[in-house]
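Structure first, then comments.
Bear in mind that the values in this text are calculations on the coordinates, not laboratory data. If you're wondering where the values come from, they're calculated on a predicted model, not measured in any experiment. Note that we place each Cβ from the backbone using ideal geometry, even for glycine, and neighbour counts take in every protein chain shown.
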2 protein chains.
Amino acid sequence: MQAAISILDNEGAAGLTFRALAGRLKTGSGAIYWHVADKDELLAAATDHVIAKFEPQDVGRLSPQEAIRALALGVFDAIDSHPWVGAQLSGNPFQYAVLRILEGLGTQVVALGIPEKGRFNAATALLSFMLGLAAQYAVASHHFRDGSDRTTALRAVAAKWMELDPEQHPFIHQVAPLLPVHDDREQFMAGIDLILAGIDTSR
Amino acid sequence: MQAAISILDNEGAAGLTFRALAGRLKTGSGAIYWHVADKDELLAAATDHVIAKFEPQDVGRLSPQEAIRALALGVFDAIDSHPWVGAQLSGNPFQYAVLRILEGLGTQVVALGIPEKGRFNAATALLSFMLGLAAQYAVASHHFRDGSDRTTALRAVAAKWMELDPEQHPFIHQVAPLLPVHDDREQFMAGIDLILAGIDTSR
DNA sequence: ACCTGAACACCGTTCAAGT
DNA sequence: ACCTGAACACCGTTCAAGT
């Protein structure tokens with residue numbers, strides 16, 4: 001697991017092959033199949049390893065809203081320090097790491113006093129938002145793997161956006177300059193707060 | 001494009017290979033590279049084709065909230081009738097199809113009267129939620145490709161959830177029975193409404 | 001300008017054979 | 001019980017050669 005995560009961190013998702021992992025572990029590529037059914041299971045295990053590490057402790061002391069924010073920050077930080085986790089979470093939403101997140105969110109949704117009928121929708125709305133933004137960060141980080149930093153890479157994307165026909169894309173043009181300067185963590189938490197506010201009105 | 005979409009619809013994303021597409025078009029696999037840079041571009045083009053087809057017309061007549069709901073329903077229906085679109089949207093959030101959706105959402109967020117600072121977060125929150133739920137439907141549909149229908153497949157997933165330790169997964173246990181009977185479209189729109197309500201309180 | 005199709009450099013996965 | 005590593009059945013992509 002350590003070796004797999006280290007490869008994923010250093011070479012990205014494409015770098016984790018059975019041959020590469022076997023090489024690092026000084027074993028044959030077939031040996032890995034004794035411990036893991038296939039590549040999906042390998043990636044799911046690595047992802048859960050990371051998500052579990054960033055799960056906040058002692059969430060019980062916090063208000064439900066604060067607990068949900070803490071859970072969200074944990075997911076954000078996990079993705080922030082291991083960019084491949086974003087793609088893996090959204091690419092395989094039935095893996096255990098995602099259930100782990102849903103369980104945490106759901107417990108707090110119950111604590112918020114949402115009636116039984118609304119709990120499923122409220123918890124999965126929070127979860128889906130996280131997975132969706134996770135997917136975006138995943139691609140973003142993929143785009144600036146080659147040395148260039150985040151800002152210059154996003155500036156390149158923004159420049160592409162500005163090339164689109166401004167008549168047909170007024171909003172994209174309006175928002176493109178914000179792309180290179182915006183703060184991912186702030187965006188992530190703003191979305192959470194928006195959904196929390198929406199949940200609050202539904203009580 | 002027609003041939004690619006037809007393969008994607010019938011065989012899923014894994015079925016679309018350059019060899020398969022070339023075979024269907026009665027040409028060589030290398031020929032496709034004259035028209036498309038690589039597989040990402042091929043998939044992005046197919047995805048935009050579908051998303052554009054399901055974009056609602058005459059959104060101008062509707063209130064901003066109703067317009068956002070109409071846009072969301074279009075995305076939902078696109079995924080519903082072409083399951084591979086869900087994975088493709090969330091797996092590649094910088095492709096043009098996603099910008100198309102963001103432009104539609106953003107225009108309505110502006111119409112809602114959100115101040116400039118909040119527009120980016122509001123529009124991307126709606127977008128991220130859609131992409132995240134799209135990713136979930138993508139995997140779900142993948143799970144019951146082999147003949148079994150949606151309900152029996154989700155029942156199998158729910159049964160797996162019930163095998164988890166109930167002490168550590170109370171919410172998962174509570175919500176598992178809802179999984180096979182819940183309505184995807186209702187869940188999708190409930191999330192949109194939650195975010196819209198949240199946006200409303202932020203005005 | 002566009003097509004052909006063999007060739008290249010990979011993959012994940014399997015499995016007879018080992019220890 | 002666990003490992004070895006060649007072999008299989010694929011991929012996306014390239015490119016000299018054609019029309």
Identify all residues within the stretch B:17-51 that are touching a helix residue (DSSP H, G or I) at 6+ places or on another chain (Cβ under 9 Å), within 9 Å of DNA strand D (Cβ to nearest atom) and assigned to a loop (DSSP other than H, G, I, E, B); write none if there are none.
B:Thr17, B:Gly28, B:Val36
In the stretch A:106-131, residue nearest to the chain's Cα centre (by Cα) [restricted to those that are among the β-branched types (Val, Ile, Thr) and part of a helix (DSSP H, G or I)]:
A:Thr124
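Condition check ((1) part of a helix (DSSP H, G or I); (2) under 20 Å from A:Leu131 (Cα atoms)) across all residues:
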position: B:Ala135; (1), (2): yes, yes
position: B:Ala140; (1), (2): yes, yes
position: B:Thr151; (1), (2): yes, no
position: B:Pro166; (1), (2): no, no
position: B:Val175; (1), (2): yes, yes
position: B:Ala190; (1), (2): yes, yes
position: B:Ile195; (1), (2): yes, yes
position: B:Gly198; (1), (2): yes, yes
When every residue in the stretch B:160-172 that is farther than 15 Å from A:Lys117 by Cα and either surrounded by 14 or more Cβ atoms within 10 Å (Cβ to Cβ) or not acidic (Asp, Glu) (or both) is compared, the one nearest to the other protein chains (Cβ to nearest Cβ) is B:His169
Checking the conditions here, which among A:Ala14, A:Ala3 is in a helix (DSSP H, G or I), away from every other protein chain (no Cβ under 14 Å) and within 16 Å of DNA strand D (Cβ to nearest atom)?
A:Ala3
Among A:Ala70, A:Ala87, which is in a helix (DSSP H, G or I), of a type outside the set (Ser, Thr, Tyr), over 20 Å from A:Met189 (Cβ atoms) and within 16 Å of the chain's Cα centre (by Cα)?
A:Ala87
What are the pairs with Cβ atoms under 8 angstrom where one residue, in the stretch B:20-43, is within 14 Å of another protein chain (Cβ to nearest Cβ) and the other, located anywhere, is within 13 Å of DNA strand C (Cβ to nearest atom)? Sequence gap at least six, or different chains.
B:Lys39/B:Phe18
